[in-house]
Amino acid sequence: QVQLVESGGGLVQAGESLRLSCVGSGRSFSTYAMGWYRQSPGHDLDLVAQITSDGRTMYADSVKGRFTISRDNTENTVSLQMNSLEPEDTGDYLCSFTRGSVSLWGKGTRVTVSS
């Protein structure tokens, strides 16, 4: 079956780093756009970073210069390198693969940043 599984979340102090990974299985996702979203109390599901099938990236203003999104089509993975983490980055991070009208979602991995 087709599924996405995230990993890499954890508890860290402000200023530290984490690297999140999301692995897709069940088919090739080389033609899909891939993105990371954050869900936190009092906030909607916000787009954090996105990378197209051609490797073009975009980031939310709040993470520009600190986060880097990348993909490996041979492994069907998307990663999010998060540096200089801040308490405001706390939340559940979900990956999503999108092609046209089709969107697939992982269950999420929790990131907690203490001050």
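The values are calculated or read from the model by the stated rules, or taken from the named source; none is laboratory data. Keep in mind that what you see is a predicted model, and the values were worked out from it rather than measured. All Cβ positions, even for glycine, are placed from backbone atoms using ideal geometry, and neighbour counts span all protein chains on display. Ligands, DNA and RNA are stripped out before the accessible areas are found, and what is left, the full protein with its side chains, is counted by its heavy atoms. Shrake-Rupley method; radii C 1.70, N 1.55, O 1.52, S 1.80 Å.
Each other residue within a Cβ distance under 15 Å of residue 83 adds +1 if Lys or Arg and -1 if Asp or Glu, for a net charge of -1.
The H on the amide N of residue 58, modeled in the peptide plane, is under 5 Å from the matching H of 50, each at least 5 residues off or on a different chain. Electrostatic bookkeeping for residue 39 treats Lys and Arg as +1 and Asp and Glu as -1; over the other residues with beta carbon under 15 Å from its beta carbon, the sum is -3.
Computed 3J(HN,Hα) for the range 42-56, one whole-Hz value per residue from the Karplus formula 6.51 cos²θ - 1.76 cosθ + 1.60 where θ = phi - 60°, is x, 10, 6, 6, 9, 6, 9, 7, 8, 9, 7, 5, 8, x, 7, glycine and proline marked x.
With all protein chains in place and a 1.4 Å probe, the accessible surface of the range 17-108 carries 45 percent carbon and sulfur. Dipole orientation for the chain: of the candidates 69, 23, 114, 23 has the Cα lying most toward the positive pole (charges on Cβ; Lys, Arg +1; Asp, Glu -1).
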